[in-house]
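Below is one structure, written out as structure tokens; comments come after it.
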Amino acid sequence: MLFEFDSDQRLWQKTVRDVTAKECAPTLIRSIVDDGADPGPLWKTYVDLGWTELTDTETTVELAIVLEELGRSTDPTPYLATMTQFAPLATGFVDPAMAGAAVYSGVTAHRDEEGWILDGTAHQVLDGDRAAQFAVVTDAGTFVVPSDRVTATRSPIFDPVLHLAEVSFVGVRVEDERRIAADLEPARHLALTGIALTTVGACQRILDMVLGHVRERQQFGVPIGSFQAVKHKAVDMHVAIERARALGYYAALTIAENDPRRRVAASMAKAAAGECQSVVFRNGLQLFGAMGFTWENDLQFALKRARAGEHLLGGAAEHRALIAEEYRATHL
């Protein structure tokens, strides 16, 4: 198992970074938040570039590279939900041009003489308000449901660019051919790894902004970045990011190679990303000083995306407990 990017992956990373720097610039994020601009053209860019076709297991590392860069750019599209939550569950129903979302709980299924009926309400569904299709996990199997059969309402949250929704299924009829035997465990691994690397990207954006600030901001006639205390905090941020990034790509590699360690690796990546955002959030906000608290400062978007990543699909403490449980089960 290789732990460094090869030449093609390095070129892919540079290409993705160049595209996001141009197409998903901070000015776009600001215009979406302040003026209600439409992120639809950005989603079409991803589709046209083929980024929504990275659904094969063998391309997991390449997908991970895209996810980190989109986290760094505070991506406003439904890419994360579509590629890491919907696509792994909805094999055979994925359309590269259409957004999707996953419903993991809150919905039940029962059968009558005419087919399947879904009932229930799912909360905090990532991009549930703008998905064209839903992969709905129930005890009776996974169902792929078109969005025109459900009611989705966006929920207000602290990240103004992230979409979470409440999705209501009231007597939704689903045909037999839309019931699939999805493999939930690998799908969960990819979902966790995707959120972990998105969080890492957001943390890297915070560090980049902080380093730019401490090089320019002066006190006593010198940049504050020359102070030892500032250096220590920046180094702590860097070390936390590198650790989380390494575990994130390790998890992506285990998925790509169908390695049996992928279950623990995904939880390790998610736990490390959560711990990383805690350090980076705290130090990044402090090093920016009062400016970091202002609405005009774009630091807020990266901070909020990083913190959101901790809360989605379980926090660091929950995944540390899962890792400990897995270790006890295999070593005791």
* For labels at ALA37 and GLN228 in the simple 7 Å Cα→Cβ model, what's the distance in nm? -> 4.5 nm
* Structure fact -> If every Lys and Arg gets +1 and every Asp and Glu gets -1 at its Cβ, then about the Cα centre the chain yields a dipole, in debye to the nearest 20, of 1400 debye
* Past 26 Å, Cα to Cα, is the threshold; run LYS14/LYS44; LYS22/LYS304; LYS44/LYS270 against it and keep the listed order. => LYS44/LYS270
* Structure fact -> Taking R0 as 22 Å and r as the Cβ-Cβ distance between ALA25 and MET291, the FRET efficiency 1/(1 + (r/R0)^6), rounded to the nearest 0.05, comes to 0.60
* Structure fact -> Given Cβ charges of +1 for Lys and Arg and -1 for Asp and Glu, the option among VAL214, THR199, ILE255 whose Cα lies farthest towards the positive end of the dipole of the chain is VAL214
* **segment 1-106, dipole about Cα centre (Lys/Arg Cβ +1, Asp/Glu Cβ -1), debye to the nearest 20** => 240 debye
* Theoretical FRET efficiency, 1/(1+(r/R0)^6), r = Cβ-Cβ of THR330 and THR57, R0 25 Å, to 0.05 -> 0.55
* Asked: Say a paramagnetic label sat at a point 7 Å from the Cα of GLN124, along Cα to Cβ; which residues of segment 188-222 have their backbone N under 19 Å from it?
  -> 188-200
* **Cleavage-rule hits (trypsin sites (Lys or Arg not before Pro)) in segment 1-99: DSSP loop, at most 16 neighbouring Cβ within 10 angstrom** => none
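FYI, it's all coordinate maths here, none of it is from the lab. Since we're looking at a predicted model, the values are computed, not measured. Neighbour counts are summed over all protein chains in view; Cβ atoms, including those assigned to glycine, are modelled from backbone coordinates with ideal geometry.
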